[in-house]
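Here the structure comes first, spelled out in structure tokens, and everything after it is commentary.
The values are calculated or read from the model by the stated rules, or taken from the named source; none is laboratory data. Values in this document were obtained by computation on a predicted structure and should not be read as measured data. Backbone-built Cβ (ideal geometry, glycine too); neighbour counts: all protein chains shown.
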Amino acid sequence: MYIKDFLSKKAIEPKLKARTKEEVLEELTSLLEKTGKLTDKKEFLKVIKEREELGSTGIGYNVAIPHARSSGIKSLVGAIGISKKGIDFDALDKEQVHLFFILGAPKDAAGNYLKALATVSRFLRHRKYHQSLLEAETLENILEIVEKEAI
């Protein structure tokens, strides 16, 4: 499984406007909505916020991977957002988060959902991809980086 399998060009934002954890979850959910795979934005936003209350998905190293399964999602979908300034996301290492990858899946999508989560985690922990994304300025730059993962 590759990130390009569940990431739409419509769901990439190289310059997030959000300044808070709540705002970034809303902005990332709006990116998912653009793909047409999100059928109930309000439901998904509720579920993703509940997931964050269980424990932050800010995994450290300036990365957060908010994720949830929801009845408001048709099929596995992801979105990437980058914040140049960084956002306090209650990350495990207490550092600001710059790289966000939100992942949504239908309630019954256990296997592919877990594979996708592992794929995203490995990708964002890879030093080369991580640094390249931090430096990316455009949607095209981000797409190129994601395409390299599949090589």
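Filtered by the rule that a residue be out of contact with any Ser or Thr (no Cβ under 6 Å at 6 or more places or on another chain), more than 24 Å from LEU134 (Cβ to Cβ) and of a type in the set (A, V, I, L, M), the range 27-69 gives LEU38, LEU54, ALA68. Each residue in the range 42-56 was checked for being surrounded by 15 or more Cβ atoms within 10 Å (Cβ to Cβ) and either touching a Leu at 6+ places or on another chain (Cβ under 9 Å) or under 21 Å from GLN96 (Cα atoms) (or both), and 7 pass.
So which residues in the range 6-35 are without any contact (Cβ under 8 Å) to a residue 24 or more places away in the chain and either touching a Pro at 6+ places or on another chain (Cβ under 7 Å) or closer than 21 Å to SER75 by Cβ (or both), if there are any at all? Once the filter is applied, which keeps residues that are without any contact (Cβ under 8 Å) to a residue 24 or more places away in the chain and either touching a Pro at 6+ places or on another chain (Cβ under 7 Å) or closer than 21 Å to SER75 by Cβ (or both), the range 6-35 yields SER30, GLU33. Of all residues in the range 9-42, those being under 18 Å from ALA68 (Cα atoms) and either part of a helix (DSSP H, G or I) or under 12 Å from the mean Cα position of the chain (by Cα) (or both) number 17. Considering (1) among the aliphatic types (A, V, I, L, M); (2) surrounded by 21 or more Cβ atoms within 10 Å (Cβ to Cβ); (3) under 25 Å from ASN141 (Cα atoms), the lone condition that ILE59 does not fulfil carries the number (2). From the residues in the range 89-112 that are over 22 Å from ALA136 (Cβ atoms) and of a type in the set (Gly, Ala, Ser), which one is modelled with the lowest pLDDT? The qualifying residue modelled with the lowest pLDDT is ALA110.
Being over 25 Å from LYS46 (Cβ atoms) and of a type in the set (D, E, K, R) narrows it down to one residue among ASP93, ASP108; which is it? Reasoning before the result, please.
Working: ASP108 fails: over 25 Å from LYS46 (Cβ atoms).
Among ASP93, ASP108, only ASP93 is over 25 Å from LYS46 (Cβ atoms) and of a type in the set (D, E, K, R).
May I ask you to verify whether SER70 is surrounded by fewer than 18 Cβ atoms within 10 Å (Cβ to Cβ), in contact (Cβ under 8 Å) with a residue 24 or more places away in the chain, in contact with a helix residue (DSSP H, G or I) (Cβ under 9 Å, 6 or more places away or on another chain) and among the small types (Gly, Ala, Ser)?
Numbers: surrounded by fewer than 18 Cβ atoms within 10 Å (Cβ to Cβ): no; in contact (Cβ under 8 Å) with a residue 24 or more places away in the chain: yes; in contact with a helix residue (DSSP H, G or I) (Cβ under 9 Å, 6 or more places away or on another chain): yes; among the small types (Gly, Ala, Ser): yes.
No: the conditions fail for SER70.
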